[in-house]
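**Q** Dropping a structure here in structure tokens format, bear with me for questions.
Laboratory data are not the source of any read-out in this text; all were calculated from the coordinates shown. Since the model is a prediction, treat every value here as computed from it, not as a measurement. Using ideal geometry, Cβ is built from the backbone for each residue, glycine included, and neighbour counts are taken over all protein chains shown.
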Amino acid sequence: MPDDRPEPSLSRPPTPAPDAPESESALVAARREKLARWRAELGITGYGHRVDGRCSLAEARSLFREDLHVAFEAIVARRRAATAGGPAATVEEAASLLAEDPRPTVRVAGRVVQHRAMGGLVFVVLRDETQDLQVSVQRAAVDPAHFRLAEKLDYGDIIVAEGRMGRTNRGEVCVWAASIDLHVKSLVPPPEKWHGLTDPETRYRQRYVDMYANPQTIRVFQARSRIVARIRNVMDGRGFLEVETPMMQPIAGGAAARPFVTHHNALGMPLFLRIAPELYLKRLLVGGLPRVYEINRNFRNEGIDRQHNPEFTMMEVYEAFGDCETMLELTESLLHTLASEIDHLVPDASPVTGTDEAERMPAAVSPPTAPLLRPFGDTIVDWARPFRRTTYGALFESALGFSMSDGPRVRERAAAAGVENHAQADQWLLVSALFDRFAEARLDPARPTFVTDFPSAISPLTRPHSDRPELAFRWELFVAGMEIANAYTELNDPDVQLARFTEQLAGADDDAKTFRSLDDDFIHALRVGMPPAGGLGIGIDRVVMLMTDQTSIRDVILFPLMRSTGDVQRAGPVILPETTDA
RNA sequence: GACCACGUAGCUCAGUUGGCAGAGCAGCCGACUUUUAAUCGGCCGGUCCUGGGUUCGAGUCCCAGCGUGGUCACCA
């Protein structure tokens, strides 16, 4: 390049673009300057147009054929012999060579993730959602403007390249560029090319950067999508109908969590973001849909940790004339299917671990299966069927050393463990507290385990055993220390349900009273008559965590909730919800 | 909500007992036609999260705040 070329700032006023703050770093300024130079000298717009006939980088790579490449090299060698040698020295020679080139032509697009300019030869590695692929640019093979562009590309730019599928002398499969076009100039300096972006805060806040800097991130969300699609596929195959019920509810029911509150202006009414779809889905059983499911978000106004995000995705399933045992079979079958197919659902997901041959679609029925191992953090989960089963009471007794029916000892142990309110609280609430603290930890994290026969006192929507009413037809599935699923034989006696609700409301503390109320219409629906049914909830985020070996829920949620950083700009005041009983 | 840790260049990270703010990558200029984190020569780059305090002197020590991570609490 000529040394006396005028700086762009001389031909353009030094005022920054509207979106360029004065404090913008020198690195961003350098990229803006480069774009301005390209626009002036190469006629590049910087923000490209529609591209037809593009293939993915994976497809392009699959078109490479060694025999064609060898044939091409033979042609080159023959020409060298004829014309005293060297690589193509002129554009004319290169053009006539191209006419004889037997290798397939491709057009690819991607983001630049590596760039090595070596004088007359430039190597650019592109990335798209499938994989990385090198584009090689020879000075003699492209228009000079294209070569000048290729020489100065930055990590983060998006380009479209066209050329033949071949390879380098070192065996790297690549596109030998005949043309290169800039389709987006990236103005933001990229993460470090070797270590990538590791700061979790930036990864979550700027997921778009994380996604191109860390290909594994895209793989996880591709896997998530395919897992959810496969779940829908299984549910549809079993005759369930997918439905959508309100996420904004006048009464937040179906669970005991604290809801988010909002407000509808035109109706002048407070609304809650749902904590569960359960009470609406059961209304559908009353209405005559015997098999329904819903996969969507629930919102719980509670703490955040590696297993909890305020909004999370759950699948709820209801099956008329089923019970918690049919839900158990469904759950076990579904999870085993996912665990066995995950590597095929996502071919690129785990290039390191090759577990190809063993797993095919399992039979519909469920004989015991061979071990089906998948890593999750420090443990290796065995998804072999059948999953383990134990009862709540047995697990309690093995952990605490006495029966959960032993009222005095339960109270005594709760006191010793410092459980809040141990003197007045219901015995079964103390049992539940002790169970959560001591018994859950006794489960083998490597073996999915159904814990059955929960206490009725903590299962207000569940049908009790007729011979032992203190126990309910309810189980939870635990895997790797996480609660993955929860199912009941649904309570469909309206009078018992009303009594349970009333009892629960009476026991609510002042805080809970602000958002809990009795859903009279649900009781009315039960009076109309709900068929006996099994009901199930599966935490989709946690299932995805297990299947993709991500130990933080934030790594399976595209945009996990982060605290506001104070740079939020509002057009006007936030309208706060009216206080209750306004 | 409680406790612990962390916050230094665009990114990944050093920073000694309190004594001039550092490296690699990235960027800029130059060389280079088969690289693989290319290499080589030269150069640029800082609100040490924010605000106070102690001190002759604070990235370092103290206090408060903000953000993130972790543990706990909360969590059909």
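**Q** If amide H atoms are built 1.01 Å from N in the plane of the peptide, which residues on other chains or at least 5 residues away come under 5 Å of the amide H of A:Gln134?
**A** Those qualifying (amide H under 5 Å, at least 5 residues apart or on another chain) are A:Leu126, A:Val175.
**Q** Where q = 0.09, 0.11, 0.12, 0.19 Å⁻¹, what log10 of I(q)/I(0) comes from the Debye formula for region A:126-271, counting one point per Cα?
**A** -0.57, -0.73, -0.79, -1.18
**Q** Taking only C-alpha pairs under 8 Å that are 6+ residues apart, what is the relative contact order of region A:228-333 in percent?
**A** Details: 165 pairs, mean separation 25.1, N = 106.
It comes to 24 percent, rounded to a whole number.
**Q** Which of A:Ile380, A:Ile275 comes first, and how do the rest follow, when ranked by fewest Cβ neighbours within 10 Å?
**A** Fewest-to-most ranking of A:Ile380, A:Ile275: A:Ile380, A:Ile275.
**Q** Name the residue from A:Phe396, A:Gly377, A:Thr313 whose Cα lies farthest towards the positive end of the charge dipole of chain A, charges +1 on Cβ of Lys and Arg and -1 on Cβ of Asp and Glu.
**A** Going by the charge dipole, the pick is A:Gly377.
**Q** Please tell me the relative contact order of region A:419-555 in percent, rounded to the nearest whole number, where contacts are Cα pairs under 8 Å and at least six residues apart.
**A** 19 percent
**Q** Provide the per-residue ³J(HN,Hα) series for region A:506-518, in order, calculated from phi with Karplus coefficients 6.51, -1.76, 1.60 and θ = phi - 60°, each as a whole number of Hz, with x at glycine and proline positions.
**A** Once θ is set to phi - 60°, the couplings for region A:506-518 become 5, x, 6, 7, 4, 4, 5, 5, 6, 10, 9, 8, 7 Hz.
**Q** Follow-up question, since we're still on this one. Scan around A:Gln114 for amide H atoms under 5 Å from its own, H built in the peptide plane at 1.01 Å from N, and keep only partners 5 or more places away or cross-chain.
**A** Answer set, sorted by chain and number: A:Val125.
**Q** Right, here's the next one. Compute the label zone of A:Asp426 within region A:241-262: residues whose backbone N is under 17 Å from the point 7 Å along Cα-to-Cβ.
**A** A:254-257, by backbone N distance to the label point.
**Q** Using the count of nearby Cβ atoms within 10 Å as a rough guide to exposure, how do A:Cys55, A:Cys324 rank from fewest to most?
**A** Ranking A:Cys55, A:Cys324 by Cβ neighbours within 10 Å, fewest first, gives A:Cys55, A:Cys324.
**Q** Give me the Kirkwood hydrodynamic radius of region A:358-472, using the inverse of the mean 1/r over all pairs of distinct Cα atoms, in Å to one decimal. Don't jump to the answer; show the numbers that get you there.
**A** Working: mean 1/r = 0.0618 Å⁻¹.
Kirkwood hydrodynamic radius for region A:358-472: 16.2 Å.
**Q** Okay, moving on. Could you compute the net charge surrounding A:Thr379? Neighbours are other residues with a C-beta less than 13 Å from the C-beta of A:Thr379; K and R count +1, D and E count -1.
**A** My count for the surroundings of A:Thr379 gives -2.
**Q** Still on this structure, I have one more. Let me know the shape class of region A:99-147, please: from the alpha-carbon gyration tensor, a ≥ b ≥ c as square roots of the eigenvalues, rounded when a/c is under 1.5, otherwise prolate if a/b is greater than b/c, or oblate.
**A** Here region A:99-147 falls in the oblate category.
**Q** Quick one: Karplus J couplings for region A:184-192, per residue in order, coefficients 6.51, -1.76, 1.60, θ = phi - 60°, nearest Hz, x for Gly and Pro?
**A** Result, ordered by residue: 8, 8, 7, 8, 9, x, x, x, 5 Hz.
**Q** OK, next. Long-range amide H contacts for A:Glu242: which residues qualify at under 5 Å (H placed 1.01 Å from N, peptide plane, sequence gap of 5 or more or a different chain)?
**A** For A:Glu242, whose amide H was placed from the backbone, the distant partners under 5 Å are A:Tyr293.
**Q** Also: Once you put a point 7 Å from the Cα of A:Tyr208 and another 7 Å from the Cα of A:Arg79, both along the Cβ direction, what distance in nm separates them?
**A** 4.2 nm
**Q** How large is log10 I(q)/I(0) at q = 0.17, 0.20, 0.22, 0.28 Å⁻¹ when the Debye formula is applied to the Cα atoms of region A:170-226, each weighted equally and without solvent?
**A** -0.79, -0.93, -0.97, -1.09
**Q** Going toward the positive end of the dipole of chain A, with +1 on Lys and Arg Cβ and -1 on Asp and Glu Cβ, which of A:Val209, A:Asn233, A:Pro277 do you reach last?
**A** A:Val209
**Q** Taking square-rooted eigenvalues a ≥ b ≥ c of the alpha carbon gyration tensor, is region A:288-351 rounded, prolate or oblate, where a/c under 1.5 means rounded and, failing that, a/b exceeding b/c means prolate? Don't jump to the answer; show the numbers that get you there.
**A** Numbers: a/c = 2.26, a/b = 1.10, b/c = 2.05.
Oblate, because a/c is 1.5 or more while a/b does not exceed b/c.
**Q** What list of whole percents do you get for P(r) of chain A, with Cα-Cα distances grouped in 10 Å bins up to the one holding the largest distance?
**A** The calculated distribution, bin by bin, is 3, 13, 20, 19, 16, 12, 9, 5, 2, 0, 0.
**Q** Within 12 Å, Cβ to Cβ, of A:Lys185, how many net charges do the neighbouring residues add up to if Lys/Arg are +1 and Asp/Glu are -1? Intermediate results must be reported in sequence, preceding the final value.
**A** Values: positive: A:Arg31, A:Arg32, A:Lys34, A:Arg37, A:Arg39, A:Arg111, A:Lys152; negative: A:Glu33, A:Asp154, A:Asp157, A:Asp181.
Here the charged neighbours net out to +3.
**Q** Here is a further query. Packing-wise, with mean Cβ within 10 Å as the measure, how do A:486-494, A:416-424, A:104-112 rank, highest first?
**A** Values: A:486-494: 22.6, A:416-424: 11.8, A:104-112: 20.3.
Highest to lowest by the protection proxy: A:486-494, A:104-112, A:416-424.
**Q** Shifting gears a bit: Explain nothing, just the number: relative contact order of chain A, from Cα pairs under 8 Å at least 6 residues apart, as a whole percent.
**A** About 12 percent, as a whole number.
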